[in-house]
1. Where is the GNM fluctuation largest for the chain (alpha-carbon springs, 10 angstrom cutoff): 43, 115, 104?
2. Compute the length gained on full extension between residue 143 and residue 105: take 0.36 nm times their separation in residues and subtract their Cα-Cα distance, giving the result in nm to one decimal.
3. So which residue, out of 178, 107, 18, gets the largest mean-square fluctuation from a GNM of the chain using Cα contacts under 10 Å as springs?
4. Given the options 50, 205, 108, which has the most mean-square fluctuation in a GNM of the chain, springs set between C-alpha atoms less than 10 angstrom apart?
5. When you count, for each residue, the other Cβ atoms within 10 Å and take the mean per peptide, how do 215-226, 181-192 rank with the highest first?
6. Over what distance in Å are the Cα centres of the range 148-178 and the range 186-221 separated?
7. Quick check on the chain: helices-only [θ] at 222 nm, where DSSP H runs of length 4 and up contribute -39,500 (n - 2.57) each and the sum goes over total residues. Nearest 500, please.
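Any read-out appearing in this document is the output of simple, stated calculations on the displayed coordinates, not a laboratory observation. Everything quoted here is computed from the prediction, not taken from an experiment. Heads up, the Cβs are rebuilt from the backbone with ideal geometry, glycines too, and the neighbour counts pull from every protein chain shown.
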């Protein structure tokens, strides 16, 4: 279909311009050469009409091959950014170490408060710690520590603090400070945020995973072979540990 338009800037002679394709006409519209009231005609029409009266004036133009290619590339990149990248064993282990360093600072403060209150003999605790550093494989030191006055109470408080730490952070933001620093978080298998109930359930399930340490830590080591990088407690609670979308974008740009 051939299109023509009346160029009002021409004051002498034939002001009819054309023939053009509809894409060229639209380009003239974008350039301001053709306005809403510019007279336009195409083959098949009986008379000239203002451009605004043509259906083509309000229809979205067909995308060019270059635009289609650009849209395809953008879609592929967007899907790549949104695709789940599961957090592996080592990054999860590093996050766990960071969290336990934070908890250790609080534990040390709590232990000194117990000592200040006369509930714990800090010198006896220090002696057991030194024995542990000399012989980490000893299985008797835990029993000795529990036999010290006030230590059973301390361990009870310490266990409660650990539970609150992991449950609250996972329920509120899906990630503990250690996970946040490494740009990973926990979510449900369907991608939804953890509820308080599932955050509690996942923590209880993690105790089961810790119990597998007597079997060479198989509950943790399955992360190395599972396609979705799940530990035993992830299987039980139906959760996944994934990289944050922002981090994925940074990796893509690099």
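1. The residue with the greatest mean-square fluctuation here is 43.
2. Length gained, residue 143 through residue 105: 11.4 nm.
3. Maximum among the listed residues: 18.
4. 50
5. On the way: 215-226: 14.7, 181-192: 16.2.
Listed from highest to lowest mean packing, they are 181-192, 215-226.
6. Cα centroid of the range 148-178 versus Cα centroid of the range 186-221: 15 Å apart.
7. Working: 11 runs with 139 residues, N = 254.
Calculated mean residue ellipticity at 222 nm is -17000 deg cm²/dmol.
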